[in-house]
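K.L.:
What follows is a single structure, and I will ask about it in a moment.
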Amino acid sequence: MVRPLLALSGVSKSFGAVAALRDVRLELFAGEAHALVGENGAGKSTLVKILAGVHAPDDGVLTLHGRPLLLSGPADARAAGIAVIYQEPTLFPDLSVAENIFMGRQPLRSLRRIDNAKMRDQAVELFVRLGVQIDPDRPARGLSIADQQLVEIAKALSLDAQVLVMDEPTAALSGVEVERLFAVVRSLVDAGTAVLFISHRFDEVFALCQRITVMRDGRWVSTDRVDEVTVDEIVRRMVGREVSALFPKQSTKVREPRLQVRHLTRHGVFTDISFTVHGGEIVALAGLVGAGRSEVVRAVFGIDRYDSGEVRVDGRRLRGGDPAAAIDAGLALVPEDRRQQGLVMELSVQRNVTLPRRWALARAGLLFAGSEHRAAQSWIQRLHVKTGRLTDPVSTLSGGNQQKVVLAKWLATRPGVLIVDEPTRGIDVGTKAEVHRLLSQLAAEGVAVLMVSSELPEVLGMADRVLVMHEGRLVADLPREHADEESVMLAATGAVPAAGTGEVVLP
Amino acid sequence: MTVLARPATRPASRIRVARRGLVVREMGILLALVLLVGATTVTNPRFLSAQSIKDLLLGSTILAILAVGQATVIITRNVDLSVGSILGLSAFGTGSLLVAVPHLPIPVVIVVGTAIGAVCGVVNGALIAAARVPALVVTLGTLYVFRGIDYSWATSRQINAADLPAGFLRMGTATLLGVPVLTLFAVAVLLVAGFYLHSYRSGREMYAIGSAPAAAVLAGIPVGRRVFAAFVASGALAGLAGVLYAARFGTLDANAGLGIELNVVAAVVVGGVAIFGGSGSVYGAALGAVLLTTIGAALPVLGINPFWQRAAVGALILAAIGLDRALAARVARSLRGRNNHA
């Protein structure tokens with residue numbers, strides 16, 4: 001047995017009460033590309049950050065060449081020969097491309113001055129190796145995502161690392177660019193580098209890697225040679241749980257179309273998105289992180305602008321980029337990040353609940369505490385929000401109750417179309433069920449519900465239809481009876497377009 | 001297919017526009033300065049006499065030194081509001097020292113004054129690093145603390161020019177080839193700081209920190225240490241400015257440099273250093289200091305009510321910020337010339 005170049009064993013990491021990694025093991029060998037796959041939230045990115053020295057593991061050991069390795073910061077990881085390409089580019093927008101590549105390691109001339117000419121030449125050399133043309137003197141600001149990613153790759157190459165970690169490096173690259181990157185990675189692997197490759201694209205994983213590790217819910221599931229497993233087997237292991245009966249979607253009659261989205265495009269973010277949500281229907285928008293789901297709903301609601309296409313609510317065209325008009329038209333958006341976007345944490349519960357209706361509740365332009373209190377009271381009771389007094393700051397509530405306050409706030413506007421983005425992230429099981437029951441009830445009352453969710457069981461349990469996005473495009477529209485974990489996962493990873501189980505949406 | 005679809009020759013002109021944007025900033029200030037001096041000279045030819053140029057340079061010196069230190073701090077996305085108080089402390093400190101030991105060599109006096117400033121800078125830097133409180137708040141606090149120390153030290157004493165050794169005061173008025181000696185200090189400081197920020201790894205890392213703090217951590221840059229160094233440098237330069245202030249004015253009480261910190265920040269911003277860090281240069285900041293001083297001297301000559309002087313400074317700051325936004329938008333447009341990955 002060959003000794004692994006870099007090994008992790010028994011690694012655990014928690015953030016507060018949330019265990020991100022539990023007893024994870026991983027072995028990377030010199031001259032081998034190793035794939036790491038798993039659903040959103042499986043712990044892949046946390047693992048990457050441990051390898052990068054950003055997080056220290058709570059438990060477990062890292063060994064390099066069989067010797068224990070302690071990383072107290074990113075500089076240590078770099079010194080140990082570990083280069084990391086992050087999912088999100090981490091460039092300095094004001095500095096030149098060449099400086100971005102060599103920051104902290106610029107070639108020097110006499111008096112330890114930076115040798116700008118040499119730095120420029122070395123950057124050009126790296127880009128030639130990658131087969132791309134990027135001006136090393138231009139500032140990084142304004143580079144496309146793909147070019148930013150290429151600069152990151154050049155940065156990692158320039159380190160001459162013995163371990164190269166790539167967290168979804170290809171998400172923004174075109175086919176030709178991916179081929180170039182793979183050619184470079186293969187030559188590095190042949191030269192003895194150990195590569196850890198994280199990707200949701202199975203075709204890439206199987207084309208590039210020799211070994212594949214599956215993670216689920218922060219745990220290690222399996223490690224195999226790629227020629228010994230199939231894509232279906234891997235997807236099963238990634239999902240690997242039962243759909244619980246926690247999700248009580250009542251079946252209702254589908255009524256008239258309430259939200260119609262036609263050919264919505266925002267350049268470089270999402271392209272040609274068309275779908276309809278009817279009254280009484282819960283439609284889930286599924287996909288991997290970064291597929292553009294939240295961006296679509298933000299554009300629909302008017303927070304972000306879109307470049308072309310249209311949004312209609314109850315048949316009337318909505319002006320783009322105007323959330324106030326969207327609220328007037330009966331749209332409500334419960335955003336993904338309740339602490340940052342959904343609530344004003346320092347304000348009282350009642351004030352948060354009545355915030356979108358402050359004008360309707362005001363008399364002669366003045367807002368009286370009494371009317372605020374009465375308006376909030378009924379919704380707080382209806383949603384079973386556990387709160388001391390309505391005048392307590394909302395920051396004193398638990399996560400689940402905060403989420404209910406966000407829901408109450410928008411339900412109070414009596415929306416015809418309710419958009420919820422990750423409605424149950426980070427809240428306990430009991431509250432989760434309550435939120436689901438509420439959504440179901442709203443649909444029964446004729447509200448059109450569009451739900452963005454990364455939790456497959458929630459999607460499958462709640463939705464009448466599942467829309468799947470992959471890299472900014474809508475790739476599948478699966479009716480409830482055709483949607484199962486595998487068909488959604490395969491569509492989301494772009495492995496098989498909808499697997500023939502449902503209709504593939506065409507413009 | 002994006003790579004193939006890309007034109008064979010990169011739109012080089014666009015990128016040149018983008019790069020020129022950086023130079024345009026400093027040229028813009030220089031142009032404004034030339035126009036101002038030109039217009040004033042037409043009105044009153046004596047504005048460009050050797051004596052008044054000397055006065056202008058002398059007047060800009062202290063502001064320029066403070067601006068160089070401030071620019072270094074602002075480039076790292078921080079701000080140092082305590083420089084006026086540090087200047088006051090250092091000025092009164094060197095004055096008291098010279099009263100006590102009149103025959104002290106001038107270089108020693110300069111080192112002591114700079115050291116007083118550096119110690120204040122260490123206090124600022126340590127508080128920011130240890131307490132993880134924004135620099136704006138910390139230096140607003142030390143602004144009052146340092147001034148308070150100055151007051152309780154000086155009580156209501158005043159040091160007069162007669163109490164100071166003549167050799168020290170001569171430094172404040174001496175010229176070398178027509179250029180005031182004090183200005184030469186500022187020029188030396190400017191050149192050293194500009195060279196360091198441009199040509200050394202740690203200098204470039206300061207830009208990186210201001211440009212993207214989170215990315216700087218991931219890149220393994222010792223962010224805390226660099227920011228600390230920037231505050232020590234700013235403090236030390238404020239200390240040096242205090243010595244020069246003592247030499248120039250000779251009359252010292254606890255109010256030296258009172259309120260100058262906002263002029264310094266204004267000079268830096270007018271000089272094209274982005275208030276959110278990452279871009280700009282100390283040369284621009286120094287030019288900004290010269291421009292603000294020149295406005296102060298030119299407006300009375302032009303017959304404009306001195307009350308308008310502050311409004312003019314304000315308009316200039318707004319114009320500088322407006323120019324920044326316009327340039328940024330133009331650079332962004334010219335850099336966006338790439339095919340979408342649709």
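Each value in this text was obtained by applying a stated rule to the coordinates, not by laboratory testing. This one's a predicted model, so the numbers in the text were calculated from it and none came from an experiment. Every residue, glycine among them, receives a Cβ derived from its backbone with ideal geometry; neighbour counts consider all protein chains shown.
K.L.:
On a 19 Å Cα-Cα criterion, which of the cross-link pairs A:118/A:155; A:44/A:404; A:253/A:432 come out too long?
P.N.:
A:44/A:404; A:253/A:432
K.L.:
Another question, if that's okay. Only loop residues by DSSP count here, and only those with at most 12 other Cβ atoms within 10 Å; note down the trypsin sites (Lys or Arg not before Pro) in the range A:18-114 that meet that.
P.N.:
Here no loop site has a sparse enough neighbourhood.
K.L.:
What ranking of A:71, B:31, B:299, B:258 emerges when the number of other C-beta atoms within 10 Å of each C-beta is taken as an exposure proxy, fewest first?
P.N.:
With the sparsest Cβ surroundings first, the list reads B:31, B:258, B:299, A:71.
K.L.:
Next up: Could you list B:128, A:327 so that the one with the fewest beta carbons within 10 Å of its beta carbon is first and the one with the most is last?
P.N.:
Ordered by Cβ neighbours within 10 Å, fewest first: A:327, B:128.
K.L.:
Continuing with this model, one more query. At a Förster distance of 41 Å, what's the computed FRET efficiency of residue A:113 paired with residue B:131, Cβ-Cβ distance as r, to 0.05?
P.N.:
0.70
K.L.:
Mind checking which aspartates and glutamates have their C-alpha under 19 Å from residue A:386, skipping anything on the same chain fewer than 8 residues away?
P.N.:
Straight-line reach from residue A:386, under 19 Å: A:346, A:372, A:428, A:434.
K.L.:
Of B:94, B:114, B:251, which has the largest mean-square fluctuation in a 10 Å C-alpha GNM of chain B?
P.N.:
In the Gaussian network model the winner is B:251.
K.L.:
Count neighbours as other Cβ atoms within 10 Å of each site's Cβ, and list the trypsin sites (Lys or Arg not before Pro) in the range A:372-420 that are DSSP loop with at most 16 such neighbours.
P.N.:
In loop regions of the range A:372-420 (DSSP not H, G, I, E or B), the sparsely surrounded trypsin sites (Lys or Arg not before Pro) are A:386, A:389.
K.L.:
Of B:305, B:221, A:431, whose Cα points farthest to the positive end of the dipole of the protein assembly as shown (charges on the beta-carbon: +1 Lys, Arg; -1 Asp, Glu; origin at the Cα centre)?
P.N.:
So the residue we want is B:305.
K.L.:
Count charges around residue B:198 for me, please; just the other residues with Cβ under 10 Å from its Cβ, Lys/Arg as +1, Asp/Glu as -1.
P.N.:
Around residue B:198, the surrounding residues sum to +2.
K.L.:
Restricting to chain A, what percent of DSSP beta bridges are antiparallel, rounded to 5?
P.N.:
Just about 55 percent of them are antiparallel.
K.L.:
Before anything else, pin down the relative contact order of chain B: Cα pairs under 8 Å, at least 6 apart, normalised by residue count, whole percent.
P.N.:
Taking the mean separation of contacting Cα pairs over the length of chain B, I get 35 percent.
K.L.:
Pulled fully out, how much extra length does the chain show between residue A:229 and residue A:255, if you take 0.36 nm times their separation in residues and subtract their Cα-Cα distance?
P.N.:
4.8 nm
K.L.:
Need one word for the protein assembly as shown: rounded, prolate or oblate. Basis is the Cα gyration tensor (sqrt eigenvalues a ≥ b ≥ c); a/c below 1.5 gives rounded, then a/b vs b/c decides.
P.N.:
Prolate, since a/c reaches 1.5 and a/b exceeds b/c.
K.L.:
Could you work out the relative contact order of chain A? I mean the mean sequence separation of Cα pairs under 8 Å and 6+ apart, divided by the number of residues, in percent.
P.N.:
15
K.L.:
A follow-up question, please. Going by a ≥ b ≥ c, the root eigenvalues of the Cα gyration tensor, does chain B fall in the rounded group (a/c under 1.5), the prolate group (a/b larger than b/c) or the oblate group?
P.N.:
Because a/c hits 1.5 or more and a/b fails to exceed b/c, chain B counts as oblate.
K.L.:
Distance from a point 7 Å along Cα→Cβ of residue B:108 to each backbone N in the range B:155-197: keep the residues under 16 Å and list them by number.
P.N.:
B:165-168
K.L.:
Follow-up question, since we're still on this one. Run the dipole for the protein assembly as shown about the Cα centre, Lys and Arg Cβ at +1, Asp and Glu Cβ at -1, nothing else charged, and hand back the magnitude in debye, nearest 20.
P.N.:
Using Cβ point charges on Lys, Arg, Asp and Glu, the protein assembly as shown gives about 2020 debye.
K.L.:
Here is a follow-up. Quickly estimate the mean residue ellipticity at 222 nm for the protein assembly as shown, helices only: each DSSP H run with n ≥ 4 gives -39500 (n - 2.57), and the total goes over all residues, rounded to 500.
P.N.:
Rounded to the nearest 500, the figure is -16000 deg cm²/dmol.
K.L.:
Still on this structure, I have one more. Can you give the % of DSSP beta bridges in the protein assembly as shown that are antiparallel, to the nearest 5?
P.N.:
Antiparallel bridges: around 55 percent, rounded to the nearest 5.
K.L.:
Would you please give the FRET efficiency between residue B:175 and residue B:310, computed as 1/(1 + (r/R0)^6) with r the Cβ-Cβ distance and R0 = 45 Å, to the nearest 0.05?
P.N.:
Result of the calculation: an efficiency of 0.90.
K.L.:
Please identify every one of the GluC sites (Glu not before Pro) in the range A:407-462 that sits in a loop by DSSP and has no more than 14 other beta carbons within 10 Å of its own beta carbon.
P.N.:
Sites meeting the loop and neighbour criteria: A:445.
K.L.:
Of A:327, A:223, A:309, which is farthest along the charge dipole of the range A:215-337 in the positive direction, counting Lys and Arg as +1 and Asp and Glu as -1 at C-beta?
P.N.:
Positive-most Cα among the choices belongs to A:327.
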